[in-house]
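Q: I have a structure here, written as structure tokens, and I will follow up with some questions on it.
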Amino acid sequence: MKNFEIARAFEEIADLLELKEENIFRIRAYRRAAQNIESLAEDIASVATRGALEQIPGIGKDLALKIQEYLKTGRMNDLEELRQEVPKGVVELMNLQSVGPKTAKLLYEKLQVDSVEKLEALARAGTLVGLPGIREKKQEDILRGIELWKKGQERMPLGKALPLAKALVAALKDLKEVQEIEVAGSLRRWKETIGDIDILVASSKPAKVMGAFVNLPGVQEVLLQGETKSSIRHVEGIQVDLRVLEPGAFGAALQYFTGSKQHNIRVRDLASRKGLKVSEYGVFDEKTGGRIAGETEEEVYEAVGLPFIPPELREDTGEVEVALEGKLPRLIQLSDIKGDLHAHTNWSDGHHPLEELIEAAYRKGYRYMIVSDHSRSQTVAGGLTAERLLDQVKKLRALQKRYKHFRILAGCECDTLADGRMDFSDEVLSQLDIVLAAVHSRFKQSKEEMTRRIIAALKNPYVNILVHPTGRLIGERAPYEVDLEAVFQVARAEGKAVEINSSPQRLDLNDLHARRAKEMGVRISIDTDTHFLDHLGNIAFGVAVARRAWIEKGDVVNTMPLQGLLQWAHRGRKKRA
Ligand code: DGT
Ligand code: CA
Ligand code: CA
């Protein structure tokens with residue numbers, strides 16, 4: 001599949017245009033196209049053959065031609081020309097937090113900085129200070145950005161690794177030699193970043209499977225090709241390990257290679273107390289050497305005296321103890337989600353008309369769907385004025401007439417201003433069904449200021465959900481400083497929810513924070529922050545974070561039926577009105 005390559009080419013064009021300070025809408029169009037191509041389930045070549053490229057959201061005539069050019073020739077002329085103009089390393093600089101196109105250009109022109117390494121050396125030596133617009137503080141920010149970037153390079157975000165792993169599995173699973181195939185490792189546990197991808201296959205003809213694996217498209221280098229294990233380096237920048245096992249031991253192997261290592265150590269301890277030995281080949285009686293389990297994971301856990309422990313919990317953070325007491329949480333499931341409470345339309349920075357968003361949510365089987373565009377202060381994201389917002393509410397109410405047993409919720413992702421006031425008056429907010437509070441500016445406030453600001457928002461009687469509570473972007477932007485304990489306390493006291501934002505770039509709250517929120521009795525909302533219709537599917541990432549956080553259905557507001565949800569949302573309003 002050329003999907004990834006083409007998406008990457010469009011991303012690169014967008015980066016290069018950004019360096020040249022070209023039209024922002026053109027740049028966004030490329031990024032949008034890249035995202036949509038990346039999340040496409042179908043091979044883009046077959047979309048092209050069907051003549052349906054322009055049906056991909058964000059792909060017009062011009063981009064469709066570029067895709068065809070790439071499919072035919074393996075290159076894009078426009079991209080090649082842009083590459084001539086700017087060195088590759090300069091583009092890379094823009095991936096750093098606090099280095100935008102202006103700074104990257106400046107650094108290149110004044111100091112010939114064309115790599116992150118060079119920039120790091122200069123920043124460490126203090127040489128950046130004195131360039132136009134660069135003071136001590138900015139230099140420190142750049143160094144911090146470099147640290148964050150380095151960490152991001154080592155591990156791949158889940159949102160990128162998962163579709164890649166799925167594509168690899170899809171390419172192997174139809175081989176007649178493959179009896180079973182599963183993804184294991186950190187990916188099966190849904191960790192937010194992935195060190196390498198682990199794939200397991202059950203087969204009695206390992207050599208054939210290995211041969212197919214090392215010859216998959218996208219293999220950059222074969223690191224190891226053996227009888228039972230092979231490893232490759234993928235062009236996307238991650239190692240992939242494939243292990244082939246005999247079918248009778250597949251469950252034991254799946255248990256072993258799902259990890260985590262710490263969890264496995266605990267399982268082995270329990271086993272040895274029973275005179276058993278656990279390995280990737282099965283559970284064995286230490287005395288007789290006879291195998292007593294191995295075909296399924298359930299069987300392995302049962303043999304050592306445990307109920308099945310879901311992969312998301314296998315981190316040795318208490319799950320083994322709780323399992324022994326028979327008190328494992330009944331984790332929330334994807335099918336428990338009854339609607340999405342955070343989504344954008346093209347009224348602000350979303351891509352689709354609101355009618356299409358609503359129809360897509362309805363078809364997904366949801367019982368309700370919010371429209372929550374940005375508020376007026378978010379000018380870069382096309383934030384709505386109060387007037388436009390109320391106009392939108394009217395349109396939603398009219399659109400509602402087309403749907404039965406499905407509710408369109410009027411909402412807003414309302415900015416929390418620097419001093420803690422909301423971007424809209426209570427009077428405007430009172431027209432909405434659900435109000436989200438967000439921080440989108442002044443990220444660098446002190447911890448005290450930021451905490452006060454967010455608490456003030458939570459105390460507004462019309463605010464229901466604090467969205468992306470820490471503002472982090474994985475590998476790109478560190479969370480802002482905020483006292484989450486204090487925030488959670490107020491959220492609990494006020495009966496407000498905090499969000500697990502399912503966007504793979506955010507996953508905010510993360511698993512640890514979400515677990516803490518749950519422990520403190522704070523309600524959770526799991527939402528997608530959809531900007532493109534495809535993003536509705538990201539809800540799986542949010543549910544996975546929730547599961548890693550030990551969260552159950554009853555903790556999550558958008559598992560409630562509509563009436564319950566609205567009662568919860570409007571309780572605070574009546575009390576104070
Ligand atoms: P990653 O790749 O860093 O995101 O994390 P994992 O958990 O996927 O780790 P990885 O790929 O090194 O190994 C996959 C699983 O295999 C790991 O979760 C547990 C198991 N495993 C690997 N090496 C050992 C080991 O030396 N002892 C035990 N008990 N298990 C191991
Ligand atoms: Ca791994
Ligand atoms: Ca591995």
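The values are calculated or read from the model by the stated rules, or taken from the named source; none is laboratory data. Worth saying up front: this structure is predicted, and the values here are computed from it rather than measured. Quick reminder, even Gly has a Cβ in these numbers, built from the backbone with ideal geometry, and neighbours come from all protein chains shown. Surface accessibility is based on the protein's heavy atoms, side chains included, excluding ligands, DNA and RNA. Shrake-Rupley method; radii C 1.70, N 1.55, O 1.52, S 1.80 Å.
Q: Pull up all non-local amide H partners of Leu384: gap of 5 or more, or a different chain, and H-to-H distance under 5 Å with H placed in the peptide plane.
A: Amide H neighbours of Leu384: His374, Ser375, Arg376.
Q: State whether the stretch 425-575 is rounded, prolate or oblate according to the following rule on the C-alpha gyration tensor (a ≥ b ≥ c being the square roots of its eigenvalues): a/c under 1.5 gives rounded; otherwise a/b larger than b/c gives prolate, and the remaining case gives oblate.
A: Here the stretch 425-575 falls in the rounded category.
Q: A further question on this structure: Which shape class applies to the stretch 147-266: rounded if a/c is under 1.5, otherwise prolate when a/b exceeds b/c and oblate if not, where a ≥ b ≥ c are the square roots of the Cα gyration tensor eigenvalues?
A: oblate
Q: How much of the accessible area of the stretch 334-570, probe 1.4 Å, is carbon plus sulfur, in whole percent?
A: Solvent-exposed carbon and sulfur of the stretch 334-570 make up 49 percent of the total.
Q: Find out how many positive minus negative residues lie around Pro504, taking Lys and Arg as positive, Asp and Glu as negative, among other residues whose Cβ is under 13 Å from that of Pro504.
A: -2
Q: Can you give the % of DSSP beta bridges in the chain that are antiparallel, to the nearest 5?
A: 45
Q: Which value, in Å², gives the accessible area per residue of the stretch 353-393 when a 1.4 Å probe is used on the protein heavy atoms?
A: Result: 45 Å² per residue.
Q: At 1.4 Å probe size, with no ligands or nucleic acids counted, give the accessible surface of Glu298 in Å², nearest ten.
A: The accessible area comes out at roughly 100 Å².
Q: Over the stretch 2-154, give the accessible area per residue in Å² for a 1.4 Å probe, as an integer.
A: Accessible surface, normalised per residue, equals 54 Å².
Q: Let me ask another. Rank Glu177, Glu355 by accessible area, highest first, at a 1.4 Å probe radius?
A: From most accessible down to least: Glu355, Glu177.
Q: When the solvent-accessible surface of protein heavy atoms is calculated with a 1.4 angstrom probe, in what order do Ser279, Ser425 fall, highest first?
A: Final ranking, largest accessible area leading: Ser425, Ser279.
Q: Further, regarding this structure: From the protein chains alone at 1.4 Å, what is the descending order of accessible area for Trp347, Trp568, largest first?
A: Highest to lowest solvent-accessible surface, that is Trp347, Trp568.
Q: Here is a follow-up. For Ile474, what accessible area in Å² do you get when you roll a 1.4 Å probe over the heavy atoms of the protein chains, rounding to the nearest 10?
A: 30
Q: If I ignore ligands, DNA and RNA and count only protein heavy atoms, how much of Phe443 is accessible to a 1.4 Å probe, in Å² to the nearest 10?
A: 70
Q: Distance from the Cα centre of the stretch 1-76 to that of the stretch 419-481, in angstrom?
A: When both Cα centres are located, 35 Å separates them.
Q: Roll a 1.4 Å probe over the protein chains and send me the accessible area per residue for the stretch 172-255 in Å².
A: 42
Q: Can you give me the % of accessible surface on the stretch 54-185 that is carbon or sulfur? Probe 1.4 Å, all protein chains present, nothing else counted.
A: 49
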